[in-house]
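Please treat every number below as a calculation from the coordinates, not as lab data. Bear in mind the structure is a predicted one, so any value in this text is a computation, not a measurement. Note that we place each Cβ from the backbone using ideal geometry, even for glycine, and neighbour counts take in every protein chain shown.
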Amino acid sequence: MKTNNNTPVDVLIVGDGIAGRLAALAVQREGGSVLIIDKCSPKAPHGNTAFSGGAFRRVSKQYPEKKYFADIMKVSEGQADPRLTRTTIRNSQNAIASLSRLGVRWTLPSSNPARAVSVLGRGPALVAALNDAVKKANIPILYSTRASDILISDGRPSGIKAQTRTGVRTIPSKAIILATGGFQANREMVVRHLGKGAHRLVLRGYKEDTGDGLTLATKIGATLVGMDGYHGGIIHYGYKKHPRIGQIKGMRSVKRYEPAILVNREGKRFVDEGEDTADKTYAKFGRIIALTQPGGIAYLIFDSTAKDIIDPMYEGPGKEPIESMTIQGLAEKLSIDRLRLRRTIERFNAAVSRGRTSGITPPKTHFAQRIEKPPFYAHIVTGGMTFTFGGIRINEKAEVLSNTKKPIPGVYAAGEVTGGFFYHNYPAGSSLTRCAVFGEIAGQNAARYARKTS
């Protein structure tokens, strides 16, 4: 697309992921003109969506709004912004309906089908549907165009300054939407905000999410929120030796570990593995492993009764578990003190009764079963990082908020570039829902703002 420097588009969107594309389609439905710019080439995956499992957490008769809200507040320890949370929940079915109209087909996940639906064909199928929708709508996209500044004139956005292959250019617009993703691929920002041990995290998300949108927003006085959290999960340590796997085929989290226990290099348990279902704890436990345990690794220990449950969740390098007929033999293969690991498992087994433990710390409050039937198995696991939780503070209209918590006129944000939704932990399927809901909200409101200022 050729843009006339004297004729601004109504809405300029920075970022070509799910939030950006749904925002663009919403702008067009509102009758506005729209342009997407993205720093990457057309061949790039354009966000974390391509690597996702395609799960969307949504309300249903079996999973009402009240329960959905309670789950978010529980895993965030009460820190999630209640207005953003309720907006996401109340619009979750609408977002799924919008995607269905774009040709997305759905299936029920094997775990917690009442709480979520999954895209048939996972993330790549979702990306393909969005690609087709944007092409059919003739929405222009400028690739290899990196936004460097939001231009403000008389208190309103007037466009974007961007670096292209041919030099710096100004692209005028009446409203701006930031949909650039998080900062998980910016190691300096990751270590600064996530702290000690963050350098150990294996990147399992989009390698171009380097915090550009956060920089753009703070330059015009926006505030950031919740910068010390991230979504990742427990992943197989074999991926650390094959870092490109996450960019090629997707790097799956371990989401079925309930029958197992987690021990560290010292042979000690360090979490309540049965605190909740795995879809609500895998992100939290991955963080604990990577940031707090010796060497940033742990061992998932289980016996033959659990092998068929746990093993199928692993894909890629080193997926076969380490095996031994004895706990002492397993300890030797893991380079763990044999006596200490044996004592840990003996104490755990003695404490198990009716699916939980008593008298040991940490407890296992659900899903506890003895580890006593050989062969015994172990997977070496670490923590991976998919996207960061923190980002630009917005309100329920997707308006970017200033340091005084007032909206910055004409500037909106959606998707993983925003903060306030997730803290500490992550309920599976919530981020795609959030991205879809607020992408549409940002597009609608940005188009209406541009129309009012014309």
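Assuming R0 = 51 Å, can you tell me the calculated FRET efficiency for the pair Ala97 and Arg354, based on Cβ-Cβ distance, to the nearest 0.05? Efficiency computed from Cβ-Cβ geometry: 0.75.
A simple rule links phi to the HN-Hα coupling: the Karplus curve 6.51 cos²θ - 1.76 cosθ + 1.60 with θ = phi - 60°, which for segment 337-350 gives 4, 4, 5, 5, 5, 4, 5, 4, 6, 4, 5, 5, 4, 5 Hz, with x for Gly and Pro. Shape index of segment 78-166: Rg/Rh, with Rg the Cα radius of gyration and Rh the Kirkwood radius from the inverse mean 1/r over Cα pairs, equals 1.10. Once the trypsin sites (Lys or Arg not before Pro) in DSSP loops with at most 10 neighbouring Cβ atoms within 10 Å are cut out of the chain, the longest remaining piece is 245-353. Of the GluC sites (Glu not before Pro) found in segment 1-100, those that fall in a DSSP loop while having at most 16 other beta-carbon atoms within 10 Å are Glu77. With the Cα gyration tensor of segment 125-215 giving a ≥ b ≥ c as the square roots of its eigenvalues, does the rule (a/c under 1.5 for rounded; else a/b larger than b/c for prolate; else oblate) give rounded, prolate or oblate? It is oblate, given that a/c is not under 1.5 and a/b is not larger than b/c. For Lys373, a cut-off of 19 angstrom between C-alpha atoms picks up these aspartates and glutamates, skipping any fewer than 8 places away in its own chain: Glu258, Asp303, Asp308, Asp311, Glu320, Glu323, Glu332, Glu346. Considering only beta bridges that DSSP places wholly inside the chain, some 75 percent are antiparallel. Consider all pairwise Cα distances in segment 39-107 and report the whole-number % of them above 17 Å. Result: 57 percent of Cα pairs exceed 17 Å.
Treating each Cα of the chain as an identical point scatterer and summing with the Debye formula, the log10 of I(q)/I(0) at q = 0.06, 0.08, 0.14 Å⁻¹ comes to -0.27, -0.47, -1.24.
Only Cα pairs under 8 Å and 6+ residues apart enter the sum, and on that basis the relative contact order of the chain stands at 24 percent.
Separation of the alpha carbons by more than 30 angstrom is noted, of Lys61/Lys280; Lys196/Lys364; Lys174/Lys196; Lys136/Lys284, for Lys174/Lys196; Lys136/Lys284. Under the convention that each Lys and Arg Cβ holds +1 and each Asp and Glu Cβ holds -1, the size of the dipole of the chain around its Cα centre is about 300 debye. Counting only aspartates and glutamates at least 8 places from Lys67 when in the same chain, those with an alpha carbon closer than 17 Å to its own are Glu77, Asp81, Asp276, Asp279.
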